[in-house]
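K.L.:
Have a look at this one before I ask anything.
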Amino acid sequence: MTEHVLIEKAGGVLTLTLNRPEKKNAITAPMYRAIGEAIDGAADDPQVRCVLLLGAGDIFCAGNDLGDFAKVNAGEGEATARADENPMLGALSRARIPLVAAVQGRAVGVGVTMLLHCDLVFIAEDALLTTPFVNLALVPEAASSMLLPQRIGHVRAFSMLVLGEPVDGRTAAAWGLANAAVPVKDLLARATAAAEQIAQRPRAAVGATKALMIDQAAIAAQMNEEAVYFAQQLASAEAKEAFAAFAERRAPDFTRVA
Ligand code: COA
């Protein structure tokens with residue numbers, strides 16, 4: 001349990017709200033656990049027919065808590081920051097329950113890669129998606145190194161994953177990363193309506209259709225492969241410099257690293 005994830009169940013929809021707006025909904029180990037348990041638990045709860053993922057405040061999610069990453073880099077902290085031990089990524093990737101997301105402001109890192117496991121995504125027109133893994137000396141996770149190029153093509157995915165180039169809401173919708181880009185004032189209503197619509201559909205048929213559409217074995221294999229590189233990089237001197245730079249509000253200088 002953490003106050004940083006709000007969990008509400010109504011009308012067949014389980015709403016999970018990242019609720020750490022003062023830190024732009026950066027995700028910590030307890031938050032990963034809370035979301036992972038809620039999504040896994042939804043599988044056995046006949047009252048839940050759809051999961052809606054929201055972020056409180058002006059930004060959907062600023063990605064993994066960089067302080068947590070720095071702790072793992074220093075040999076402390078919880079392994080949940082590692083891609084292979086992350087209960088949220090595991091639950092998202094094996095979920096048969098439909099997942100709907102509403103993205104406002106910014107989504108960074110895992111805030112973007114989680115969207116690749118969602119079945120419907122609504123995004124504010126002026127929102128920005130960024131995946132600055134390489135800028136942080138890390139590698140992509142959540143099978144995004146496979147799912148993102150599959151979804152948008154290699155060259156677009158490379159510019160996002162390696163250069164960290166932002167993609168705005170309208171472009172995200174045009175590229176197939178979101179169903180629709182909408183004015184931010186309409187975002188919650190649009191995503192809620194879609195989740196409620198799914199909740200009206202026959203639960204077993206929906207779950208089977210989702211399972212048929214997703215190659216879970218390929219996703220699991222890619223996540224395992226990513227996790228090897230992710231763990232190496234998370235412990236690296238390059239990453240130490242990147243996390244120190246964030247904490248000191250300066251640009252990283254990777255030429256300092258041998
Ligand atoms: N981990 C930990 N803390 C974070 C965070 C993160 N990923 N993202 C933001 N925060 C914290 C900031 O340190 C700041 O804390 P403070 O008020 O105690 O100083 C607070 O959230 C507000 O962030 P700020 O940067 O002032 O907000 P902003 O609106 O100017 O910018 C972002 C928002 C998301 C663009 C910016 O915070 C950012 O780039 N964050 C890092 C994103 C990132 O690299 N994530 C990892 C991806 S793998």
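The values are calculated or read from the model by the stated rules, or taken from the named source; none is laboratory data. Keep in mind that what you see is a predicted model, and the values were worked out from it rather than measured. Note that we place each Cβ from the backbone using ideal geometry, even for glycine, and neighbour counts take in every protein chain shown. Just so you know, the surface numbers come from the protein's heavy atoms only, side chains and all, with ligands and any DNA or RNA stripped out. Shrake-Rupley method; radii C 1.70, N 1.55, O 1.52, S 1.80 Å.
K.L.:
Would it be correct to say that Asp253 is closer than 28 Å to Gly12 by Cβ and charged (D, E, K, R)?
P.N.:
Working: closer than 28 Å to Gly12 by Cβ: no; charged (D, E, K, R): yes.
So Asp253 does not fit the description; no.
K.L.:
Moving on. Out of the residues in the stretch 89-108 that are open to solvent by 10 Å² or more (accessible area, probe 1.4 Å) and within 14 Å of the ligand (Cβ to nearest atom), state the one that is farthest from Leu66 (Cα to Cα).
P.N.:
Going through the qualifying residues, I end up with Gln104.
K.L.:
Right, here's the next one. Please pick out the residue among Gly55, Gly11 that is touching a Cys at 6+ places or on another chain (Cβ under 8 Å) and either without any contact (Cβ under 8 Å) to a residue 60 or more places away in the chain or open to solvent by 20 Å² or more (accessible area, probe 1.4 Å) (or both).
P.N.:
Values: Gly11 fails: touching a Cys at 6+ places or on another chain (Cβ under 8 Å).
Sole residue among the options that is touching a Cys at 6+ places or on another chain (Cβ under 8 Å) and either without any contact (Cβ under 8 Å) to a residue 60 or more places away in the chain or open to solvent by 20 Å² or more (accessible area, probe 1.4 Å) (or both): Gly55.
K.L.:
Here's a follow-up. Of the residues in the stretch 162-191, how many are in contact with a strand residue (DSSP E or B) (Cβ under 7 Å, 6 or more places away or on another chain) and in a helix (DSSP H, G or I)?
P.N.:
Residues flagged as in contact with a strand residue (DSSP E or B) (Cβ under 7 Å, 6 or more places away or on another chain) and in a helix (DSSP H, G or I) within the stretch 162-191 amount to 9.
K.L.:
Looking at Arg170, Arg156, Arg190, can you tell me which residue is more than 14 Å from Leu99 (Cβ to Cβ), of a type outside the set (Phe, Trp, Tyr) and in contact with a helix residue (DSSP H, G or I) (Cβ under 9 Å, 6 or more places away or on another chain)? Spell out how you get there, then give the answer.
P.N.:
On the way: Arg170 fails: in contact with a helix residue (DSSP H, G or I) (Cβ under 9 Å, 6 or more places away or on another chain); Arg190 fails: in contact with a helix residue (DSSP H, G or I) (Cβ under 9 Å, 6 or more places away or on another chain).
Result: Arg156 is the single residue among Arg170, Arg156, Arg190 that is more than 14 Å from Leu99 (Cβ to Cβ), of a type outside the set (Phe, Trp, Tyr) and in contact with a helix residue (DSSP H, G or I) (Cβ under 9 Å, 6 or more places away or on another chain).
K.L.:
Go through the stretch 116-129 and give me each residue that's open to solvent by less than 10 Å² (accessible area, probe 1.4 Å) and within 15 Å of the ligand (Cβ to nearest atom).
P.N.:
Within the stretch 116-129, Ala124, Ala127, Leu129 qualify.
K.L.:
Another question, if that's okay. If you check Ile198, Ile214, which single one turns out to be surrounded by 13 or more Cβ atoms within 10 Å (Cβ to Cβ), among the β-branched types (Val, Ile, Thr) and farther than 29 Å from Phe133 by Cβ?
P.N.:
Details: Ile214 fails: farther than 29 Å from Phe133 by Cβ.
Going through Ile198, Ile214 in turn, the sole match is Ile198.
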